Amino acid sequence: MTEKADKNAVRMHAKRLGRELTMQFLFQYGFSEKDNSQKAWDDFFEQASFEHDLKENRFARKGREYAQKLLKGILEKSDEIDAAINEKAKKWDWDRMALVDRNILRVATYEMLFIPDVPPIVSINEAVEIARDYSGEQAGNFINGVLNRIKDSLDRPAREAVDKL
C-alpha cells in the first residue's frame, strides 16, 4: 500500500486490501519463475504484512482470504480473463500495457465475470483507485475505459450484486 493508502487503512475495506494484495502478488509473479504455490503466497503475505504493518486481526485475515480467493480464480480463469481484456482494450497491444495495469485489470475483470456479490461498478471504482495509487497518471482513465466496455458487455446489473452469474 502506498502512503496515501496507509493513511486510509483504518477506513479501507478488507476486500480492497485483498484486491491490492492480489495485484501485488500478480505483479511479483510476473517477474518470478511463475511460482504460484501456497509457499510463494505465504512468503509474499509475510513480506507484505511486514511492509504494510498489517496486524494479526480480522481485517488482515479477511483481506488475505479475499486475496487468495481472487488469486485462485484469476489463475484458473486467466485465459478467459485476458481474452476479455484484450477484446475491450482497443488499440492496445497486450505487451504495451504496463504490468501493474494488466494486473489491476485482471483483478477487476475476474470480479465482474465471476464474483456475483460484487457489483461491476464497485470493481471498476476500486480498480481506478488502485491504479491512482500504484500506476501512472493516465492509468486510471485507461483502466476505467477498458473495464466500462467489459461492464457494458455483461448480462447483469452494473450497480447491484446478484445471486449467481
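Taking the range 59-71 as the search range and keeping residues that are surrounded by 14 or more Cβ atoms within 10 Å (Cβ to Cβ) and of a type in the set (D, E, K, R), which one is farthest from the chain's Cα centre (by Cα)?
62
Give 89, 139, 40, 84 a once-over and let me know the one that is among the aliphatic types (A, V, I, L, M), surrounded by fewer than 19 Cβ atoms within 10 Å (Cβ to Cβ) and more than 21 Å from residue 13 (Cβ to Cβ).
Within the list 89, 139, 40, 84, the selection yields 40.
Take the conditions surrounded by 18 or more Cβ atoms within 10 Å (Cβ to Cβ), charged (D, E, K, R), touching a Ser or Thr at 6+ places or on another chain (Cβ under 9 Å) and modelled with pLDDT under 95 and apply them to residue 106. Does it pass?
No; evaluated as a whole, the condition is false for this residue.
Which of the residues belonging to the range 115-131 are surrounded by 15 or more Cβ atoms within 10 Å (Cβ to Cβ) and either of a type in the set (S, T, N, Q) or over 13 Å from the mean Cα position of the chain (by Cα) (or both)?
116, 119, 121, 123 - these are the residues of the range 115-131 that are surrounded by 15 or more Cβ atoms within 10 Å (Cβ to Cβ) and either of a type in the set (S, T, N, Q) or over 13 Å from the mean Cα position of the chain (by Cα) (or both).
The values are calculated or read from the model by the stated rules, or taken from the named source; none is laboratory data. In this text, all values refer to a predicted model and were calculated from it rather than measured experimentally. Glycine gets a Cβ as well: all are built from the backbone with ideal geometry, and neighbour counts include every protein chain shown.
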